[in-house]
Structures are given as C-alpha cells and as structure tokens.
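Q: Take this structure first; my questions come after.
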Ligand SMILES: [Fe+2]
C-alpha cells in the first residue's frame, strides 16, 4: 500500500497563529456597518476602508517575493501599502470616491489569503532562498503587525460615534473608589533592556540588543494615575497654567483648545475647573460616569504637565523596567509577576475588554517591588525618547519600522492596553508615540528621584 506524506509546511503553529490573528481583525471589522467603512475617525489617519485592505496588502508585500508569487493586483498592493498621500504634507484630503468598494477590497483580501496560504502550506515556503521566511521571522512580522493593527483599529473604532458602529452593550458604571495614593522605593540596581540575538524567539528590530543600565534608587507610584487623581489636576486649573506645560505642549494644547482628557465628556458646569461639572468617560460603546479607579488616558504632553504640577516626573524607560522586572535580590523576571505566561489574573490585556478596569484589580500581576498594573489597562508613557538600543540593525525587509521614528519626537511606552495581544507583553517589547496624540489607550505613573 502506498503511503502518502503530507507536504511539509512552514511552522504549522505560526500558520495557525496567522489564522487566529486574521480572526481578530475580521471580528473588529464586523463591528462596522457597511456604510461606515469610509469614515475617518481620526483626522490624521486613513479612512477605515484603508485598514480593511492594508492588513492583506502588507502580508502580500512581505511574503509574495520570498514565496515567488506573481502579483494579481499591483494597484491594490500599492494603494493599501501606504494609502493616499495628503497633498502638501497636511491632513489627508482624499474623499470616499477615491477608494474601491468594500466588496472589491474583500475580494482582494480573499485572494491574497488563499494564495499565501497555499504557498505557505507546500514546499515552496521551505525551498525559499529568503532565510527570514524559512526561519519564521516574516510570519512573526505578519502576525504581530496585524495584532498591533487590531489595537489601532480598536482605538479608531473608539473614536467613532456610537451610532456609526453596530450596537453593543456600553460600559457598566464603575463607582469603585481609586486606591489610596502611595509610592514604593526601588533600591539602586540593574535593569536589562532589550533582548539578545541568541534568544530564539522573535523580537522587532528596536528590541535589540540586550544591554544593562544601572538605575539609582528612586520612588515610583504603585498605581497608574487614576481618573480621580487626574481630576484634581483639572479642577486645580492645571490646563490653564502655562508653567506646568513644556512650551511646545502648551502651544499644542491651546491650538486644540483642550481643557480635559480626550476620553472625558463634560456634562454641565461652565469650565473644566468648575466644581459643578459632571464628568463622564467615553467608552467604546457608550459613556458612563467617570470611573474614579480607572487609569486616566492622556497624551504625553498632558501626562508631563500633571507630573510637573505634582512635583514629580515621568519614569525613564530604564526606571520603568527596574520597577517592573527587578527584584529585591537583584535578579530579573520575565514578567512583573514572575515566569508564568500572561493570563487573565495578571492584568487587563489580550482583547478581553473594550475598556479599563480599576488600577488595583489585578494584585496577582504586581511586580516583586509591589508595583501594580504594569502590563495591560493602558500603555505607560516614559520620559525617554524612542531611541535605538546599542547594536540596533533595521530589518532589511521592513527598514522603516522603527528607524523612521528615531527622531527625538517620539517617546518610548511600556506595558500594554486592554487591546494588546498577550504575545506583545514580552519584556523587551517597546511601543512609541508622538507626544500630541490623545486618541490612544495611554496612561502613566510618576517617579521621584
Ligand atoms: Fe501597518
């Protein structure tokens, strides 16, 4: 009897992870009625239709060459790689008519998926001369790129009016009080940032190389800054006092006429500092009275102003590492809580919730120094510019991923949000944003030297 051997595939586990990641983003797009795909929830970003085609175009542009596949729609490959450039470098000016229909994009996506899957599942993948394909790096890039977009699509959806999304239950009121403010002292010690090239698991270019930083003793907030804490800054007139703001931050805040966090809604009272003002938090699917114990979501500019008002600072990336992964005996952990993989008991991450939880809701996720809520519930701003680590080398197949942002105008962020996939909770993972972008799930905590 003849025996048939299945064609060898490239890392079946990676291929099934790619399929899982596709389900994540498909689920998000299912929250949009077809009439909402041409909405642009954030002025600086693309219309939603771009993201519908972008994930497949990215995978195609990354993998088709190494898999020796000829293009079937070079126009879409390009359109959905970059979008339509704004004229004159300002805000995008394209109109819905400039884009293909949802059905055309869905057809393109289906064909990309089936062609890639077929090629990845047979000998072509293993015969490729691209070592980054054969060793799985390119699939990791495709998976994590898509999962990062699962987070950016979530905050784009968050920025859409409720009536533009398919209805879902809004956030339940959460009146639990914020925990009492406290700090913990972290003794002087070493923080290991980055990752070594000897490690077998995947990391993005900006995560290399591993290096040690000596961190002098400092105190850090046990919890991220809560809505209740931040409300005191607002009520104290913090948004009206230039002295708390860096000049460029003040200018930005004035031009946007911001007088409270972007995720808050003022219901009454004439000014943000008016004590009669009732505040609400704008959740993904509805507003709810401002939950005092949830982390405040703010831009780097607002976080820095709060810190100045409070007489404190934002942590450096190394201080954050030390508080999160250091231990009193001088060793370092893989996660704040230890070596066990991230689970629901450790924090609010991995697409489980649309909104935040109280900052003290996950005691099992606390670090060895007793610092809470480090992974999940909101990325945390640091005072460190997003700079390359010593030994940085860009990925040849994605040279601009990090290098385009080493401009001193982006700040390193650590942690993760409710919408961050658990695979990106590794110690070396770094996120970054510019300081004047209030739309993301970003919070902060303060330090004192
Ligand atoms: Fe992208």
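The values are calculated or read from the model by the stated rules, or taken from the named source; none is laboratory data. Remember, predicted model here, so these are calculated numbers, not experimental data. No Cβ is skipped: glycine too gets one built from the backbone with ideal geometry, and neighbour counts run over all protein chains shown.
Q: Any residue in the stretch 58-68 that is away from the ligand (no atom under 16 Å from the Cβ) and farther than 20 Å from residue 145 by Cβ?
A: yes
Q: Surrounded by fewer than 18 Cβ atoms within 10 Å (Cβ to Cβ), part of a loop (DSSP other than H, G, I, E, B) and away from the ligand (no atom under 16 Å from the Cβ): does that describe residue 43?
A: The answer is yes for residue 43.
Q: Something else about it: Is it the case that residue 250 is buried (at least 18 other Cβ atoms within 10 Å of the Cβ) and modelled with pLDDT of 95 or more?
A: For residue 250, the condition - buried (at least 18 other Cβ atoms within 10 Å of the Cβ) and modelled with pLDDT of 95 or more - is not met.
Residue by residue, here is whether (1) touching a helix residue (DSSP H, G or I) at 6+ places or on another chain (Cβ under 6 Å); (2) closer than 28 Å to residue 404 by Cα; (3) surrounded by fewer than 18 Cβ atoms within 10 Å (Cβ to Cβ) holds:
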| residue | (1), (2), (3) |
| --- | --- |
| 192 | no, yes, no |
| 197 | no, yes, yes |
| 201 | no, yes, yes |
| 213 | yes, yes, yes |
| 221 | no, no, no |
| 225 | no, no, no |
| 229 | no, no, no |
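Q: Return the pairs, sorted by first residue and then second, in which the second residue is within 11 Å of the ligand (Cβ to nearest atom) and not in a helix (DSSP H, G or I), the first residue lies in the stretch 43-57 and is more than 12 Å from residue 25 (Cα to Cα) and without any contact (Cβ under 8 Å) to a residue 60 or more places away in the chain, the beta carbons are less than 8 Å apart, and the residues are 6+ apart or on different chains.
A: Pairs that qualify, where the first residue is more than 12 Å from residue 25 (Cα to Cα) and without any contact (Cβ under 8 Å) to a residue 60 or more places away in the chain and the partner is within 11 Å of the ligand (Cβ to nearest atom) and not in a helix (DSSP H, G or I), are 46/83; 50/83.
Q: It is to be established whether one or more residues within the stretch 311-320 are farther than 30 Å from residue 425 by Cα and in a loop (DSSP other than H, G, I, E, B).
A: Of the stretch 311-320, the ones farther than 30 Å from residue 425 by Cα are 311.
Filter again for in a loop (DSSP other than H, G, I, E, B), leaving 311.
Yes: one or more hits.
Q: Of (1) over 27 Å from the mean Cα position of the chain (by Cα); (2) within 26 Å of residue 35 (Cα to Cα), residue 153 satisfies all except one. Which?
A: Only one criterion is unmet by residue 153, namely (1).
Q: Six or more apart or on different chains, Cβ under 7 Å: which pairs go from a residue in the stretch 123-149 that's within 18 Å of residue 60 (Cβ to Cβ) to one that's part of a loop (DSSP other than H, G, I, E, B) and within 16 Å of the ligand (Cβ to nearest atom)? Could you list them?
A: That search, which allows pairs on different chains as well, returns 132/397; 138/397; 147/421.
Q: What single numbered condition from (1) away from the ligand (no atom under 15 Å from the Cβ); (2) in contact (Cβ under 8 Å) with a residue 60 or more places away in the chain; (3) surrounded by fewer than 19 Cβ atoms within 10 Å (Cβ to Cβ) fails to hold for residue 23?
A: Here residue 23 meets the rest and fails (2).
Q: Hey, another quick one. What residue, among those in the stretch 144-169 that are away from the ligand (no atom under 14 Å from the Cβ) and touching a helix residue (DSSP H, G or I) at 6+ places or on another chain (Cβ under 8 Å), is farthest from residue 430 (Cα to Cα)?
A: Restricting to residues being away from the ligand (no atom under 14 Å from the Cβ) and touching a helix residue (DSSP H, G or I) at 6+ places or on another chain (Cβ under 8 Å), the top hit is 164.
Q: Going through the stretch 300-316 one residue at a time, which ones are crowded, with 22+ Cβ neighbours inside 10 Å and either closer than 23 Å to residue 179 by Cα or touching a strand residue (DSSP E or B) at 6+ places or on another chain (Cβ under 6 Å) (or both)?
A: 300, 302, 303, 304, 305, 306, 307, 314, 315
Q: Given the residues 276, 308, 352, which is the only one that is touching a helix residue (DSSP H, G or I) at 6+ places or on another chain (Cβ under 9 Å), assigned to a loop (DSSP other than H, G, I, E, B) and either in contact (Cβ under 8 Å) with a residue 12 or more places away in the chain or more than 15 Å from residue 372 (Cβ to Cβ) (or both)?
A: 352
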